[in-house]
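In what follows, a structure is listed as structure tokens, so that the remarks can point back to it.
The values are calculated or read from the model by the stated rules, or taken from the named source; none is laboratory data. If you're wondering where the values come from, they're calculated on a predicted model, not measured in any experiment. All Cβ positions, even for glycine, are placed from backbone atoms using ideal geometry, and neighbour counts span all protein chains on display. The accessibility values were calculated without ligands, DNA or RNA, using every heavy atom of the protein model including side chains. Shrake-Rupley method; radii C 1.70, N 1.55, O 1.52, S 1.80 Å.
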Amino acid sequence: MCGLTGELRLDGGRPDLAAVERMADRLAARGPDGHGLWSQGAVALGHRRLKIIDLSDRGSQPMTDTEAGLTCVFNGCIYNYQDLREELRGLGHTFTTTSDTEVVLKAYRQWGTDFVTRLVGMFAVALAEHRTGRLVLARDRLGIKPLYLAETPGRLRFASTLPALLAGGGVDTSLDPVAAHHYMSWQSTVPAPRTILAGVRKLPPATVRVVEPDGTHTDRTYWQPSYTRRAEFAGMGAPEWRDAVLDALRTAVRRRMVADVPVGVLLSGGLDSSLIVALLAEEGQADLATFSVGFETEAGEEGDEFFYSDLVARRFGTDHHQLMVPSDRVSTALDAAVAAMSEPMTSHDVVAFHLLSELVAKEVGVVQSGQGADEVFAGYRWHQELAGVPRAAEPDRYAEVYFDRSHADLEKILQPDMLPLRDVSREYVEAHMAAPGAETAIDAGLRTETHVMLVDDPVKRVDNMTMDWGLEARVPFLDHELVELAAACPSELKLSQGGKGILKDVGRTVLPRDVVDRPKGYFPVPAIHHLAPPVMARVRDALAAPAARSRGLFREEYVASLLEAPDDHRAHRGQNALWQVALLEIWLQTHGID
């Protein structure tokens, strides 16, 4: 829920309240139900509220504990807030609201920066200490809720989205060459702390940052599964692992039912979202609303999976809604989806999520979604290709099966002043995979997938597209205790049955076999995947725009070769190379970056 903004002055001056308010206004879609502004000394905090828990005005933000001298703004949901509130009451704290925001505030008062270890949920928090002038920033374990930062001489600003920071003004919008290298290497993923803009950074997931009044700061990573086999699970066979995963997933889904508004499900008809529906039905949730989206066939590719979503909806008696999108609407919907992106994201299902979220937000305030299951439980083809690779050779194999292109390829694509001298993307992956833990190559690969690539592609995609309609999306497969369990699970159980074997075994206990054993699906948007004429026209306009030419990010001969290539030669490792290049330009132009 919600969007937060703020400013900390580092030069003894007063914060620019007008800028903080402009940033908050840019977050109005994320928080259409209320707004607030607070300032004291060198700190200002702004907030836009989406009412999900404690619908009264008592839950408004920024929220202050006058006795403790603390004020905070918070974006997200703490699923165990009721249990924490009772624990804190037992420790002598009193509450004036039924909101999870007040629980966050009291938890910090009780446990200091360790408060994050007590929170089960998704969150970004900014908390100001009145007496010390210290600012504390924190982000949830899997980075489900975003937090962007822009530091300039004498000032630190932060916000839930990058466009909100731009609305505040004074941001260095030059492109970051290292981030551009990552973007072109990893299917548009730019991991924290970088963004495509040199002047904007992200707080990494599972991080608490304490910023002193002079701008110095310390970071602490408070959570990271080891991806090793743990002693307490020794001797467990496949049936025991199936039951353990099922129990953990039940808990994850149950936790995400907490809300004072209706909760629905984004139902693709695949295993992951179907499991969520089945477990919600098992919990006794009546009149469960489910939602599916489909697109017209393009170039022979079907654009919907309604057969399977209908099957699940009938099996569990849900209140099912379908949205069929004609191809000619995709090009018009594209610009709105790009405007909702905090960072450029090339996955063509971004438009699907944006259009579906518009429909869903008219019916419910919260949805559960199946994102993360493939990364956590080894559901992709390249996970199979990492099996059996020696640990030392894992970065080589990962680069072969996952990277869009090599550093040598990028020398022919990026202009020389935008190309780092070293293969920075390869170095990043090597360093991440060499970290302690992760006994096997597939363990190291899944750790990278879950804690790097997942955070800044599928997770960000879902947050951006749903919150642009004031819809809160919850992702039970990223429950941190479920992720810890999956990280300890023997890799052969995850890789079996073509991937996600352990999850398929779970599915067979509660779902029709046709859903579990179907071919792997996804949110197809054929009009973008095949660059239908209206989309292709948008691509050509963006690449020919004066801003693109003056920016000079890509070599002209490379762009020309993509535009002139026959349709069936444009694909690159399952991604459309022309779309990847054009989307970056469309995003920059949409957000007014010259």
10 Å-binned pair-distance histogram of the chain (Cα, whole percent): 3, 17, 28, 29, 18, 5, 0, 0
Positive-pole candidate from Thr318, Val351, Met341, dipole of region 305-356, charges at beta carbon: Thr318
Accessible surface, region 173-235, averaged per residue in Å² (probe 1.4 Å): 36
Gained length - Trp111 relative to Arg540, 0.36 nm times residue gap less alpha-carbon distance: 149.0 nm
Förster-model FRET efficiency, 22 Å R0, Met257 and Leu37, C-beta, rounded to 0.05: 0.10
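As a quick test, which of the pairs Lys460/Lys494; Lys145/Lys362; Lys145/Lys500; Lys412/Lys520; Lys106/Lys504 have an alpha carbon distance above 32 angstrom in this structure?
Lys412/Lys520; Lys106/Lys504
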With DNA, RNA and ligands ignored, accessible area of Tyr402 (1.4 Å probe; Å², nearest 10): 10
Solvent-accessible area of Val559 with every protein chain in place, 1.4 Å probe, in Å² to the nearest 10: 20
Average accessible area per residue (Å²) across region 1-127 - probe 1.4 Å, nucleic acids and ligands excluded: 36
Kyte-Doolittle mean at least -0.5 and Cα axial length at least 24 Å: DSSP H helices in the chain: 238-255
Extreme residue, positive dipole direction of the chain, given options Gln497, Ala124, Pro546 (C-beta unit charges): Ala124
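Within the chain, what whole-number % of the accessible surface is contributed by carbon and sulfur, with the 1.4 Å probe and all protein chains included in the calculation?
Values: 10380 of 21090 Å².
Its accessible area is 49 percent carbon and sulfur atoms.
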Length added when fully stretched, Glu557-Ser496, from 0.36 nm per residue minus Cα-Cα: 17.5 nm
Mean projected area (nm²) of the alpha-carbon convex hull when region 76-212 is viewed from all directions: 9.5
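What FRET efficiency do you get for Asp409 and Thr332 if R0 is 41 Å and r is their Cβ-Cβ distance, rounded to the nearest 0.05?
That pair, Asp409 with Thr332, gives E of 0.75.
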Quarter of Cα convex hull surface for region 401-548, i.e. mean projection, nm²: 13.5
Computed over region 348-483, Kirkwood Rh from alpha-carbon pairs, angstrom: 16.9
Surface per residue (accessible, 1.4 Å probe) for region 269-358, Å²: 35
Electrostatic dipole magnitude of region 1-90 [Cβ: Lys, Arg +1; Asp, Glu -1; Cα centre; debye, to 20]: 280
Scaled radius of gyration (Cα, divided by 2.2 N^0.38 Å) that region 143-248 gives: 1.50
